[in-house]
Amino acid sequence: MRFFIELSYNGKAYHGWQNQPNAISVQEVLEKALSTILKTEISIMGAGRTDTGVHASQMFAHFDYDGDFKSIDIVYKLNSFLPKDIAITSVFEVKPEIHARFYAESRTYNYKISTSKNVFNYDFAYQIQSALDVEAMNEACKILFQYKDFQCFSKTNTDVKTYNCDIKEAFWTKNNEQLIFTITADRFLRNMVRAIVGTMVNIGLGKMKAEELHAIIASKNRSEAGFSVPAHGLYLVRIVYPETIRIDN
């Protein structure tokens, strides 16, 4: 049987989601916990890969297991076993062909910028105390919808078949002394969100105009786009699947 596991994590202590040969990952910690509790070796497949230091308030992964357990019990046991920076929200059975990565219809990220020095969020938001033109940054967001190929925002030497992404929403909001960038797409390239935000920050600081984004995207050249903002301000916040994936017990 195939199960989905829904979780959240603080990425500060981890070298990303995916297993690494010489570094700790969220996937490794979760696999060890599941294997211990279910008393058999469990491998999990995540809905995507978050980089070192990136957080997730909603992440999904799937695993296969032929035994019997109550979802409420496995959630309780996992949360008791796992470290404080990983939390399990739910575990539920899905149809056997459902793949956490390939069946996801969209993913949403937030990027948080703190516009004043705040000792309580410096690990969870990028601190920029210079004034940012949010209106110009939102004008730049509208330009993103005119394109599909976002190679200019992708890490180089990435093994992908296409750089095309369907961006469904992108906008900035201001919440007190924090700016939050929200972006939703069917898929994302490696480093894409952080590169987009870095480019937007340059626009907000007046270092470039929003209209210049057309030439940057058309160039398909990573060096033409802005810098990559730090990982600790980035959050995977929502993954959407078809309602038909689930098997209700």
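The values are calculated or read from the model by the stated rules, or taken from the named source; none is laboratory data. What you see is a predicted model; the values in this text were computed from it and never measured. All Cβ positions, glycine included, derive from the backbone under ideal geometry; neighbour counts span all protein chains shown. Surface areas here come from the heavy atoms of the whole protein model, side chains and all, with no ligands, DNA or RNA. Shrake-Rupley method; radii C 1.70, N 1.55, O 1.52, S 1.80 Å.
I'd like the residue in region 43-55 that is touching a helix residue (DSSP H, G or I) at 6+ places or on another chain (Cβ under 7 Å) and outside any loop (DSSP other than H, G, I, E, B) and, out of all such residues, is farthest from Tyr122 (Cα to Cα).
Going through the qualifying residues, I end up with Ile44.
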Please work out if Asn176 is on the phi > 0 side of the Ramachandran plot, of a type outside the set (D, E, K, R) and open to solvent by 40 Å² or more (accessible area, probe 1.4 Å).
yes
Answer residue from region 8-42, given it is aliphatic (A, V, I, L, M) and part of a loop (DSSP other than H, G, I, E, B) and is farthest from the chain's Cα centre (by Cα) among those
Ile42
Residue list for region 154-173, filter: crowded, with 16+ Cβ neighbours inside 10 Å and assigned to a strand (DSSP E or B)
Ile167, Ala170, Trp172
Going by what's in this entry, would Phe60 be described as more than 22 Å from Leu189 (Cα to Cα), surrounded by 14 or more Cβ atoms within 10 Å (Cβ to Cβ) and touching a residue at least 40 places away in the same chain (Cβ under 8 Å)?
no
As an exercise: evaluate Arg222 against (1) outside the structural domain of Ile180 (by the TED database); (2) among the basic types (Lys, Arg); (3) open to solvent by less than 70 Å² (accessible area, probe 1.4 Å) and give the number of the one condition it does not meet.
(1)
Do you know which residues across region 69-118 are in a helix (DSSP H, G or I), open to solvent by 10 Å² or more (accessible area, probe 1.4 Å) and among the aliphatic types (A, V, I, L, M)?
Ile72, Val75
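Yes/no per residue for (1) open to solvent by 50 Å² or more (accessible area, probe 1.4 Å); (2) among the small types (Gly, Ala, Ser); (3) assigned by the TED database to the domain that holds Ser71; (4) in contact (Cβ under 8 Å) with a residue 60 or more places away in the chain:
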site	(1), (2), (3), (4)
Lys12	yes, no, yes, yes
Gln18	yes, no, yes, no
Ile42	no, no, yes, no
Thr50	no, no, yes, yes
Just the residues that are under 21 Å from Cys141 (Cβ atoms), in contact with a strand residue (DSSP E or B) (Cβ under 8 Å, 6 or more places away or on another chain) and part of a loop (DSSP other than H, G, I, E, B), please, taken from region 208-246.
Lys220, Val229, Pro230
